[in-house]
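First up is the structure itself, then whatever we jot down about it.
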Ligand SMILES: NC(=O)c1ccc[n+]([C@@H]2O[C@H](COP(=O)([O-])OP(=O)(O)OC[C@H]3O[C@@H](n4cnc5c(N)ncnc54)[C@H](O)[C@@H]3O)[C@@H](O)[C@H]2O)c1
């Protein structure tokens, strides 16, 4: 099935979702599984608004349960790693929740960029947010150690880390040692052993650790989940997730670019965001011996052999985890949320360096260590499978999730299709959600209709089992308030989840203080986290599961084998990790 839909089909699918969400909320069928602490005011608000037929402006703060922020002081925060993602996070942060007091990066060009920002898109820059004199108020550091030495002077309480994958665990450890709460970007760490170390260290220090899988804070995914949890899609047997790009167009450098870049590190052969040119200024500031000093005492693991590897860390097997870590982890995270926060049973797949490489004439065609194409199949437990945790005994109840990511064709771009026996939901590019009905073979005429052009309402929403029904017109007024509004910018803040993720992190810090400055991952007899209301939604244990899912796929592809996931891998207290048994080419 292709991810292509005509504009008319998209309009139908979006209106279907809005209508279904409205019908289900009016009927009191939303199960509220994504809300932190199950705040009752949130649900009442949804219901009242929808009953009146209006489009409800439910704020993310209300939705995620941190609307009581008013009166709290912003958390003094430093951003470590001010590259592409650091730029997005700075651009998206809310100064009322996180006040940026310092920034830290080892690349001078990125420290400059974080102040100046970019003219278009989400990287607004500190000057735009804090005023043209931002640099007078916000300190800049060229090493983590120097930043932490000034933590008291800065009044620092927390850090946001957006550095290459191999540096996540040493930087997190240092910041926790300095008594700071940590929000670290995904993937959590380069190996599962290192994820476990991060979790245990945060526990030992009694501090918060949040990992940046932003879909946990996306109102779009939250509401999609509420609709999915009502069961209107029927029996879900397949999720198809993919992220395809086309990075196979020839790069040509202008004379100005040639003057700006350090040519000894090569110029790209193809236009590919993972194989970037190296700015001269960064090359000058970061010769290999300086990079060694900056490698937290272990250059082979936490370092970069040269500035080329630093700039292109994603394609290095030591510094990055390839397509599964960078792209797949997000979408497998979404899949496991959709399937009820379950862990997969097994993974197999094919991956390789199918396109880039070195020509016979020795010309480097954006060569890399990591795979440039991954084609993976996961087996997840369905609701009646013993591993779904619902008391089921049907070991055949398996949901197959396929994941593909490639670099030479973006006809289908990115998104996740959830395919049920009664309907299909398509989450497109973290920005839109569409809903379609399957044809009903027990009915005749218009009532049997299904597919891409069929309009739906939800029958039985008030009593009985909700079901998608074909209709010639939408009715009932007012739909879902939360999906991206037509015409709103691609970077729709609440929908994307970055801003809400940081706001919630700040809220957790203040709640942590109120509760006497302690936290634990202890669970009660029902398996519920005792500190659930102060833990970030994507805390260490959740994020480690995403890392296991992504990195084990790399191992399965490297060894061309089907790997069965072991429960102990997901337990932070256990020392069992997948890399011990399965690592070969890639950990
Ligand atoms: N959540 C998302 O959707 C999303 C999207 C993109 C990237 N990311 C994640 O964000 C992180 C950064 O990715 P990026 O695209 O910004 O990479 P990038 O290369 O553009 O930026 C990384 C920055 O970290 C800096 N850095 C490296 N070592 C450092 C150290 N020891 N101290 C301070 N700074 C250091 C680099 O100089 C660079 O400026 C990665 O973990 C990536 O997976 C997340």
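Any read-out appearing in this document is the output of simple, stated calculations on the displayed coordinates, not a laboratory observation. Quick caveat, the model's predicted, so the values are computed rather than measured. Heads up, the Cβs are rebuilt from the backbone with ideal geometry, glycines too, and the neighbour counts pull from every protein chain shown.
Some values worked out for this structure:
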read-out	value
Inter-part distance where segment 93-135 and segment 380-455 are each reduced to a Cα centre, Å	40 Å
Crossing angle, helix 219-229 versus the chain [Cα axis fit, 0-90 degrees, rounded to tens]	40 degrees
Potential lengthening between residue 253 and residue 135 on full extension [0.36 nm per residue; Cα-Cα distance subtracted]	39.3 nm
Separation of the residue 574 and residue 472 label points, Cα + 7 Å toward Cβ, nm	5.9 nm
Net length gained if the chain between residue 367 and residue 280 were fully extended (0.36 nm per residue, minus Cα distance)	29.2 nm
For segment 53-192, Kirkwood radius (reciprocal of mean inverse C-alpha pair distance, Å)	15.9 Å
Percentage relative contact order, segment 304-390, counting C-alpha pairs under 8 Å, at least six apart	29 percent
Inter-probe distance in nm under a simple model that places probes 7 Å from Cα toward Cβ, at residue 73 and residue 263	5.5 nm
Contour excess over end-to-end distance, with Cα ends at residue 561 and residue 293 and 0.36 nm allotted per residue	92.6 nm
Percent breakdown of C-alpha pair distances by 10 Å bin, ordered from the shortest bin, for segment 287-377	14, 33, 29, 19, 4, 0
Compactness of segment 252-321 as Cα Rg over 2.2 N^0.38 Å, two decimals	1.15
Nearest 10 degrees, 0 to 90: helix 329-338 Cα axis against the chain principal axis	20 degrees
Cα-derived Rg over Rh, computed across segment 103-184 with Rh taken as Kirkwood radius	0.97
Using alpha-carbon coordinates, inclination of helix 40-51 to the longest axis of the chain, degrees	50 degrees
Relative contact order computed over segment 259-415 (Cα-Cα under 8 Å; 6+ residues apart), in percent	17 percent
Rounded D (µm²/s) - the chain, Kirkwood Rh over Cα pairs, Stokes-Einstein at 25 °C, 0.890 mPa s	98 µm²/s
Rounded to 5, percent antiparallel among DSSP beta bridges of the chain	65 percent
Most to least packed among 428-435, 125-132 [average Cβ atoms within 10 Å]	428-435, 125-132
Cβ crowding within 10 Å averaged over residues, with 250-260, 170-180, 558-568 ranked highest first	170-180, 558-568, 250-260
Ratio Rg/Rh, restricted to segment 326-383 and using Cα atoms, in which Rh is the Kirkwood radius	1.19
Label point at residue 143 placed 7 Å out along Cα→Cβ; residues across segment 275-297 whose backbone nitrogen lies under 11 Å	290-297
Relative contact order (%) - criterion: Cα under 8 Å, at least six apart; region: the chain	22 percent
Spatial separation of Cα centroids for segment 542-587 and segment 331-370, in angstrom	15 Å
Radius of gyration, Dmax [segment 138-268; alpha carbons; angstrom]	21.1, 59
Projected label distance in nm at residue 200 and residue 442, using a 7 Å step from Cα toward the beta-carbon	5.4 nm
